[in-house]
Amino acid sequence: MIKNKLPAIRVPFVWALVAATGFVGMSGVALAQAMGEGFEPDSSALQDVEVRAQRPNDLQQRRFSNASKTVVGREEIQKYGDTSLEDVLRRQPGVTVPSGGGNPRLRGMAEGYTQILIDGQPAGRGFTIDSIQPEQVERLEIIRVPTAETGGQAVAGSLNIITREGQARGRKDLSLGLSLGERDLQGFRLGLTQQGAWLGDESMVSATVFGRRQDSRSEQSLRFTSGANSLATSGQASQTRSQQERLGLSLRGQASWNLANQSSFSVRPMVFAVKGDTQSLRQIEGWQGSDPLSFASPYLQDEAHQRFHYAVGRVLLLHKWNLNSQFRLETGLTGSAFEFKRDEEALAQTVGQTSSARQTDANTTERGLLLSSKLKRAFNEDEQTFGLELEQTLREEEDRRAVNGVFFNTGLGNELDTDQTRWAVYGQWDFNPSPQWAFLAGLRQESIRTRLQTLPSLPRQNHESQQTSPSLSLVHRPTEDPGLLYRASLSHAYKRARARDLSSLPSLSTSFDLNTANSPDAADSVGNPNLRPEQSLGLDLSFEKTPVPNSLLSAGVFWKQIKDVQRRQTQLETVSWSTVPRWVNRPRNLGEADLLGLELEARGPARLWAQWLGLGPETSAKPEGRAGGRGGSGLEFRASLSRYWSRLQSLDGPDNRLPGQPAWQLKLGFDARPSKSKLRYGASLGYTKAARHQTEPQAWVEADDDLSLEAYGLYSFDRNRRLRLTVQDLARWPSESSNLRVFDEGSRLETARRPGGLRASLRYELGF
C-alpha cells in the first residue's frame, strides 16, 4: 500500500496566497479611488454583462462572443438523455471522444492538447470527464482559441464545463434510468436534484448513483518475422473475455449568500467516487512456421482479477465584490484531491503446466490548492480583466510489480513524488469600438516550477519554465448584412511535460532480467530531464452567417505551427542501471510540426435547408438581437465536416502525422418537434475517417474508421413528467487497431479487435 508521504501545504505558500488576494483587492480599491469613483453600490454595467450571458440562446451566445466558441446549453445536454458528458460531446463539431474512454479532444489533436476547465478554473491533470454528470451541468463551452483569461495550456482549445447554479425557487427533479445492451450489458442510474433557499439565499444539490455490469470480449494477434523471436516466423493469437462491474456516486452542491454592497459568497463542492471489479480470462494460441494456422496449439492461459477505486473531491470558495459601478473583484480558492488505487492478481498457465503469478499494486494520490483573483472593469460595451493565479500541487505515484513473489523495479522508477508550483498574471481587454468591430486582446505570463523526488537517497530534480502567451482576436459584423460575421485570431499556446516524463529513473520491463539485453518491444521506460515544453503559434480565420434566427452557416480554417514536439521513441542506449545496453523508451523533442484544419458547420430549420438545396422558396433573413429565446418547433437539421492535415518535419514518409489525428469527421443529425404533439425525437450519425500515423522512424499505428448512429424519443406527459428512450450504437462498427514496428532483424505486428454492441436506455423524469 502507498505510504502517506505527501507533506502539508507549506505555510509560506499559504501566506503568499493570502498576500496575493489582499494585493489584488487593494489594487482594485485604489484603482477605483484613483478614477474618482466612490463605493456606492451601482452595478448597472455589471448587471448588463450578466444579462447578456444568461438570456441569449446557444447560437446567440456564440455569435456575440468575441472569443471563438461553441455553446452547448442545458436543453441540448438533456435532449438525448445521455448518461455521460462523453456522449454529449461526441455529437459536437470538431470534438473527438476516444472509443476506449478518456477526456475529449478538440480539432483532431491527441491527449494533452485540450485544456479542461470547470467554471473557468483548471480541472487538474487527475480530472476525468466522467467525474461530472450531465444533470450537474448548465452548459458546455468549446473554446477554439486560447485567451489570456482561460489560460495558455490550450494548444487545441479549451472545454469549459459550467456547472448549474443554485436557485431561490424550490424545485426537485428526480430521474430513474435503466439500460440494457448486447453481451449482458446492464446498468441503472438514480439522480436527484434539489434547488431552493434551504441553505443560503440560493442553493442546489445534485446526487447521482449509478451502476454498470458488462461482459465483453476482445481479440488480439501478434506476428513476428525474420528472427525477432529467434524463429523464422512466429506469432500468437489470443481471446480475452472479461466481466466488469462499476458502482459510483456523484455529488455536487452549490450555496450562495448575498452580502452587503451587492457582493456575494458561494461554496461549490463536488465529490465523485467509483469502485470497480474486473475478472478476465485470456486464452492464447501459439504457432511457428510459415502457416501459423496449421501449427496452432494451446499455449497459454492468463486469468486475472483486478480491483480499483477512484475518488476525486473539489471545493470552490468564490467571493464576488462589486466595488462600484465599473469595478468588480472575484476571488476564488479551490482545493482538490484525488486518489486512484488498483491492485491486480494474475495467474499464467504455460504449455508445460508451469505457472507464474503476477501481482500489481498501482497507487496515485494528488492534493492541490489554487488561488485565483481577477479584477474586472466594465464600461459601456467594453470590459477589462486583470488576473492572478497561484497554484501548488503535490502528487505521489507508486507502482509495485512482482512475478512469483519477486518485486521488479524496486529502488528505481516505481516511486515518484512531485511538488509543482505555478503562478500566472494576465491582462485582457474586450474592446467594442462600434457595433461593427470588436477586439479581444490579452497577454499572459506563466511560470511553472516542478520538483521531483524519486528516491529518498537521491537529490530532488528541479525543472523551471517560463511562458509568455499573447492573443489577439478580431470580429467584424458588416452593417449591410446583420446576419454575417467574420473572425480572425492569432494566439500562442504551449503544452508542458508531465512530471513523470521528466524523471530520470526508469521503469524496467518485467520480461527480461536487469543485466540481460531486452528487446525493442519490451523496452524500459524512463523520462527525459531535458524535455522542453511544446510551443504553438496559431492562426484562425472564419465566417459565420445567420440566415434566420436559430440557424447557422459557418466555415473556418486554422493553421498551427508547433515547436519542440514531444514524442516517445525507443532507442538502444548505454544505461546506468544495467551492465549491457538496453532498449529504452523515453520522450524526446522532435522539432517542428505543422497542422492545417478546415471546419464547416450548418444548422437550421427544414425550410432553410430546402432553400439551400434549391428545393424551396427563399427565406428572408431577420436581424438577431442580443437577447433571444429557445428555438421554434418543427424539424431542424445539423451537419458538420472537419478535415485535418499535419506533418512532423523530423519524420520522412507519407504517414508522419500528429498521433491520434483522424483524416476527417462527418456529423449529421436532426430533431423533430411536431406541432401540438407531446412527442419529440431525433437522431445523430457520426463518421470518423481514421488515418495511419508514424510514431517513430520504423513504427506505425493504424485504427479502423468509426461509425456511430443513435436515436432518441422524448414523450412529455405534462410539464413535470417525461419519458426518454435512447438507443446508441445502432450502427457502430467493431473497432480494430494495429501497431507495426520494424527492426533491423525483423518486424512485430500487433492487432487488436473489439466488437461493437447495441445499447438502449429508458429514463423517467419527474419534477415537483
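Please verify whether Tyr681 is touching a strand residue (DSSP E or B) at 6+ places or on another chain (Cβ under 6 Å), within 24 Å of Arg212 (Cβ to Cβ) and in a strand (DSSP E or B), treating the condition exactly as stated. Spell out the reasoning first.
Numbers: touching a strand residue (DSSP E or B) at 6+ places or on another chain (Cβ under 6 Å): yes; within 24 Å of Arg212 (Cβ to Cβ): no; in a strand (DSSP E or B): yes.
Taking the combined requirement at face value, the residue does not satisfy it.
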Look at the stretch 572-584 and say how many of its residues are buried (at least 19 other Cβ atoms within 10 Å of the Cβ) and not aliphatic (A, V, I, L, M).
3
Count of the stretch 649-674 residues which are farther than 17 Å from Trp609 by Cβ, surrounded by fewer than 20 Cβ atoms within 10 Å (Cβ to Cβ) and without any contact (Cβ under 8 Å) to a residue 60 or more places away in the chain
9
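In the stretch 525-581, how many are within 23 Å of the chain's Cα centre (by Cα) and farther than 30 Å from Glu636 by Cα? If you could, list the steps in order and put the result at the bottom.
Filtering the stretch 525-581 down to residues within 23 Å of the chain's Cα centre (by Cα) leaves 532-540, 556-568.
From what's left, farther than 30 Å from Glu636 by Cα: 532-539, 559-568.
Summing the residues that are within 23 Å of the chain's Cα centre (by Cα) and farther than 30 Å from Glu636 by Cα in the stretch 525-581 gives 18.
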Need the failing condition index for His476 against (1) touching a residue at least 24 places away in the same chain (Cβ under 8 Å); (2) surrounded by 18 or more Cβ atoms within 10 Å (Cβ to Cβ), just the number.
(2)
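Which of the strands (runs of 3 or more DSSP E) found entirely inside the stretch 408-487 contain at least 2 residues meeting this: of a type in the set (Phe, Trp, Tyr)? Even if it seems obvious, please write down each step before you answer.
Values: elements: 415-431, 437-453, 461-476.
The strands (runs of 3 or more DSSP E) meeting that bar are 415-431, 437-453.
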Look through the stretch 316-347, keep the residues that are polar (S, T, N, Q) and in a loop (DSSP other than H, G, I, E, B), and return whichever of them is surrounded by the fewest Cβ atoms within 10 Å (Cβ to Cβ).
Ser325
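Quick check on this structure: which one of Ser735, Ser747 is within 25 Å of the chain's Cα centre (by Cα) and touching a residue at least 40 places away in the same chain (Cβ under 8 Å)? Show your work before the answer.
Details: Ser747 fails: within 25 Å of the chain's Cα centre (by Cα).
Only one candidate qualifies: Ser735.
Between Val88, Val97, which is at pLDDT below 90 and in contact with a helix residue (DSSP H, G or I) (Cβ under 7 Å, 6 or more places away or on another chain)? Quick ask: steps written out before the conclusion?
Details: Val88 fails: at pLDDT below 90.
None of the other options fit; the residue is Val97.
Here is a yes/no grid of residues against (1) in a loop (DSSP other than H, G, I, E, B); (2) surrounded by 19 or more Cβ atoms within 10 Å (Cβ to Cβ); (3) modelled with pLDDT of 85 or more:
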| site | (1), (2), (3) |
| --- | --- |
| Leu709 | no, no, yes |
| Arg719 | yes, no, yes |
| Thr726 | no, yes, yes |
| Ser737 | no, no, no |
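Would you mind finding the one in Val155, Val209 that is exposed (fewer than 15 other Cβ atoms within 10 Å of the Cβ) and β-branched (Val, Ile, Thr)? First the steps, then the outcome.
Numbers: Val155 fails: exposed (fewer than 15 other Cβ atoms within 10 Å of the Cβ).
Result of the check over Val155, Val209: Val209.
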Looking at the stretch 66-97, which of its residues are more than 23 Å from Leu472 (Cα to Cα), in a loop (DSSP other than H, G, I, E, B) and in contact (Cβ under 8 Å) with a residue 12 or more places away in the chain?
Gly73, Tyr80, Gly81, Asp82, Thr83, Ser84, Arg91, Gln92, Pro93
Would you pick out the residues in the stretch 699-732 that are under 24 Å from the mean Cα position of the chain (by Cα) and of a type in the set (A, V, I, L, M, F, W, C)?
Val701, Ala703, Leu707, Leu709
Tell me which residues, restricted to the stretch 430-444, are surrounded by 16 or more Cβ atoms within 10 Å (Cβ to Cβ) and either of a type outside the set (Gly, Ala, Ser) or over 10 Å from Pro470 (Cα atoms) (or both).
Asp430, Asn432, Ala438, Leu440, Leu443, Arg444
Filtered residues of the stretch 152-168 (kept if under 13 Å from the mean Cα position of the chain (by Cα) and of a type in the set (S, T, N, Q))
Gln153, Ser158, Asn160
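Only residues that are crowded, with 17+ Cβ neighbours inside 10 Å and farther than 20 Å from Glu415 by Cα: list them for the stretch 506-518, please. Working first, answer last.
Looking only at the stretch 506-518, we keep the residues that are crowded, with 17+ Cβ neighbours inside 10 Å, and these are 506-509, 512, 518.
Selection gives Phe512, Asn518.
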Would you confirm, using the coordinates I've provided, whether Ser536 is touching a His at 6+ places or on another chain (Cβ under 8 Å), assigned to a strand (DSSP E or B) and either under 30 Å from Phe743 (Cα atoms) or in contact (Cβ under 8 Å) with a residue 60 or more places away in the chain (or both)?
yes
Within the stretch 339-395, the count of residues that are modelled with pLDDT under 90 and among the aromatic types (Phe, Trp, Tyr) comes to 1
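Just to be sure I understand, how many residues within the stretch 133-152 are in a loop (DSSP other than H, G, I, E, B) and crowded, with 24+ Cβ neighbours inside 10 Å?
As a first pass, look at the stretch 133-152 and keep what is in a loop (DSSP other than H, G, I, E, B): 133, 144-152.
With crowded, with 24+ Cβ neighbours inside 10 Å added as a condition, the list becomes 144-148, 150, 152.
Residues in the stretch 133-152 being in a loop (DSSP other than H, G, I, E, B) and crowded, with 24+ Cβ neighbours inside 10 Å: 7 in total.
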Does Ile118 meet the test of being at pLDDT 90 or above, within 24 Å of Val209 (Cβ to Cβ), within 12 Å of the chain's Cα centre (by Cα) and buried (at least 21 other Cβ atoms within 10 Å of the Cβ)?
yes
Can you confirm whether the stretch 169-178 contains a residue that is part of a loop (DSSP other than H, G, I, E, B) and in contact with a strand residue (DSSP E or B) (Cβ under 6 Å, 6 or more places away or on another chain)?
yes
Residues being surrounded by fewer than 17 Cβ atoms within 10 Å (Cβ to Cβ), over 15 Å from Leu600 (Cβ atoms) and in contact with a Gly (Cβ under 9 Å, 6 or more places away or on another chain) - total across the stretch 549-571:
3
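The values are calculated or read from the model by the stated rules, or taken from the named source; none is laboratory data. Please read these numbers as outputs of a predicted model, since none were measured by experiment. So basically every Cβ, Gly included, is an ideal-geometry build from the backbone, and we count neighbours across all protein chains shown.
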